[in-house]
Amino acid sequence: MQRLAAAQPIKPETPAVLPSIPAKRYFTIGEVSDLCGVKPHVLRYWEQEFTQLKSITRRGNRRYYQHHEVLFIRRIRELLYEHGFTISGARNRLDQEKNGPVGSEPLPVLIDREKLKEQLLNLRDFLTYS
């Protein structure tokens, strides 16, 4: 009787360390694929799923990406592959990062400090003399 091997989870081809991004204005989809450790068809799919990701198309529908888009693709990859986010979860997280975290603004002061100090002194006196 032949035993079947247990199914192993599919892991994306992830290099241990991603290469540094060269100082260029535009990158082809193949270059971005190598720089981000993601296959070209995945990049095309992500363009449909993440509206913030827009490549420039020139000469015969060839896609070109700019430096900031390569960084954005690396962030998407990190959320999906390293942190285990779903596509919609990654989309929500990226929207939060763009707009700032919820509740990041300081709360308004609701009570006057002098009034609070007076109330605390009264409470201290009450507890001391009770």
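The values are calculated or read from the model by the stated rules, or taken from the named source; none is laboratory data. Everything quoted here is computed from the prediction, not taken from an experiment. Every residue, glycine as well, gets a Cβ built from its backbone with ideal geometry; the counts of neighbours run over all protein chains shown. SASA here: full protein model, heavy atoms, side chains in, ligands and nucleic acids out. Shrake-Rupley method; radii C 1.70, N 1.55, O 1.52, S 1.80 Å.
The figures follow:
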item: FRET efficiency for GLN96 and LEU123, using Cβ-Cβ distance with R0 set to 30 Å, rounded to 0.05; result: 0.15
item: Per residue value of the accessible surface for the range 33-84 (all protein chains in place, 1.4 Å probe), Å²; result: 58 Å²
item: Inter-label distance, nm, simple model (7 Å from Cα along the C-beta direction), LEU71/SER88; result: 3.0 nm
item: Eligible lysines near LYS54 by straight Cα distance, threshold 21 Å, same-chain separation 8 or greater; result: LYS24, LYS39, LYS98
